[in-house]
Amino acid sequence: MKFDEKDVCSFQNWYPTFKKYTFKSVCIPVPEEVLEYLRKDVVTIPTEATIEKVRSENIDDITYSNWDSESEDDDEVETPSFPQFSALLKSTLDSFGGSAFIKMNWSAPTDAAWVATNNCLKCSNLQDAYLLLKCSDKISRDLMHSNNHYIVMKKWEDIHPGSEFRCFVINNELIAITQRSKSEFHRYILLNKFNIVSDIKTFFQDIIKNKLLINNFVFDVLWNSGSRIKLVDINTLNSKDVEGYLFTINEVLNLKYDEDLSPEFRFIGEEIGIQPSNLSQHFGLPVDLTMSSGSNNLVELLQTQMDLKSDE
């Protein structure tokens, strides 16, 4: 029987199987009216998610002005409202102690981190949550699929970028591993490279292999010396959707499995100088962002962040 790869890798489908090996998460079905809102190009924030601007020395605590402009153009864009859905998001956020990581079935809005309070995916309020989902091209691509859609919220944990690894499976065999932090040298990876490979191979063999209905996929893990491996995500092996980091997807597809030599492990083995890890966080708004009366305040929001960072 042939299975839909996207469906198999949809978070709510694999999470129950691997729940004890990953982060505590909550999957929230997205109503059709919210999907329609997320698919629209214009950036607006639901009424119940807007918050007032407060100056603070702690960037984590910054909140922002109401997105309703005082100009005469306010009527051009209708401000949406989803009180029940927003209340569910808020209660889930509160259950995680007020900070959560947010994604959808397949993708996290990593390309929209520039718009969030801390330039990362840490959500401390509903405005951050809606902004990240609304401004992400990755989320927009997810929404093109006809499958059921879910917002996934995970308890926030600070993760060292050098502990994240992407693993590639071809024909149900672990064939390659790469560090995900592709612009940084981490000495402890160099010092622990054999343990990293051995532990991930064991994790794959004991926990993941033969548990999914597909044979080609990628999975991400956290590895820290002295701690058990944590599964972060599972996704399809698709060159359009998946980042290969230190591999290209074509390279992975052309690798041959060798029981004695596989997987091939790629990591940065020496200092390479300072490299910008995510250029999209260092420059301005995406070119294709449709500006509205509401999104004019998005520019003000980002300017406020820059001013506050300059004051520190």
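Each value in this text was obtained by applying a stated rule to the coordinates, not by laboratory testing. Treat the numbers as computed from the prediction; the structure is a model and nothing was measured. All Cβ positions, even for glycine, are placed from backbone atoms using ideal geometry, and neighbour counts span all protein chains on display.
Sorted by average packing, counted as other Cβ atoms within 10 angstrom per residue and highest first, what order do 5-16, 82-93, 254-265 take?
Ranking the peptides 5-16, 82-93, 254-265 by packing returns 5-16, 82-93, 254-265.
So, with +1 on the Cβ of K and R and -1 on the Cβ of D and E, and no other charges, what is the size of the charge dipole of segment 115-247 about its Cα centre, to the nearest 20 debye? Please report the intermediate quantities before stating the final value.
Numbers: 17 positive and 14 negative charges, 22 e Å.
The calculation lands at about 100 debye.
Return the lysines within reach of Lys155: Cα separation strictly under 18 angstrom, same-chain partners fewer than 8 residues apart disregarded; answer none if there are no such residues.
Partners within reach: Lys19, Lys20, Lys24, Lys90, Lys103, Lys122, Lys230.
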